[in-house]
Amino acid sequence: MSRRGSVYDTMAQREFPVRSALGPRRVLAVLDETCELSPCGIRVESVPWAEGKRRTTISFEWFLAIWSKRLSWSEVSAIFGVSWETVFRSVERAVEWGRAHANYSGIQAIGIDEIQWKFGQTYLTLVYQIDVHMRRLIWVGEERTQKTLHAFFDWLGADRIAELRFICSDMWKAYLTVIRKRAAHCLHVLDRFHIIAHLSKAIDKVRSSEARDLTKRGRGELLKHSRWAILRRPENRTERTTSNSPTSFVPI
């Protein structure tokens, strides 16, 4: 049974900006008293278009959050006549709602990568769902350490880890170690860029070693200026590089 409690405070009149095709307009709303209901404690009278003591309506916050996907937060603030803090809170609400209602079941393929954050060697670890039917960012963690990636697998949970089939990452040692421990049943796909980079370094190391050996034997001209001819794809070689290719060399 509802009853009126003892009034101990009143709130000042507030203005709520609302969406309009002609730009943001303002509608005035008055919140009634704040009262104390025993044993429920202190309660503030609610209105259907806003939460707590926010000065923006729920619909307008969603409107700002949608525009924040297309423009910078400063631009959204200037265009719609609100503070940067209001835009931030609107995006924060959208993110919190999205995470609370997101469905992370059935994920079979994920990608793990890092991105530089702020200045210097400061990174964030990013985890994406990369299934054919769904590509989205699902988790962000500070730094790119084993502890960070362990935290992701702890969040994902044993049941969802068991559903994974493919994991794609670069060759960062911390990622390799954790994936081997936490998801050994998955097919681990390494990114092509780092594989080619390591392969190129190995080829160049062998070429340098052979060139030094030939120089000691007085035949250094055989591999001179051959680095790029060896590393370049055959279809991309010009007549000049082909003439320096190891395939044209006379056997020793």
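The values are calculated or read from the model by the stated rules, or taken from the named source; none is laboratory data. Note that the coordinates shown come from a computational prediction; the quantities given were computed from them, not determined experimentally. Every residue, glycine as well, gets a Cβ built from its backbone with ideal geometry; the counts of neighbours run over all protein chains shown. Surface areas here come from the heavy atoms of the whole protein model, side chains and all, with no ligands, DNA or RNA. Shrake-Rupley method; radii C 1.70, N 1.55, O 1.52, S 1.80 Å.
Quick notes on this one:
- So residue 74, is it among the polar types (S, T, N, Q), on the phi < 0 side of the Ramachandran plot and open to solvent by less than 20 Å² (accessible area, probe 1.4 Å): no
- Search result, residues across region 111-121 that are open to solvent by 50 Å² or more (accessible area, probe 1.4 Å) and part of a loop (DSSP other than H, G, I, E, B): 117, 118, 119, 121
- Counting only strands (runs of 3 or more DSSP E) that sit wholly inside region 128-242, not one has at least 2 residues that are of a type in the set (Gly, Ala, Ser) and within 17 Å of the chain's Cα centre (by Cα).
- Cβ-Cβ under 7 Å pairs, at least 6 apart or on other chains, region 145-158 side surrounded by fewer than 19 Cβ atoms within 10 Å (Cβ to Cβ), far side of a type in the set (S, T, N, Q) and assigned to a helix (DSSP H, G or I): 146/177
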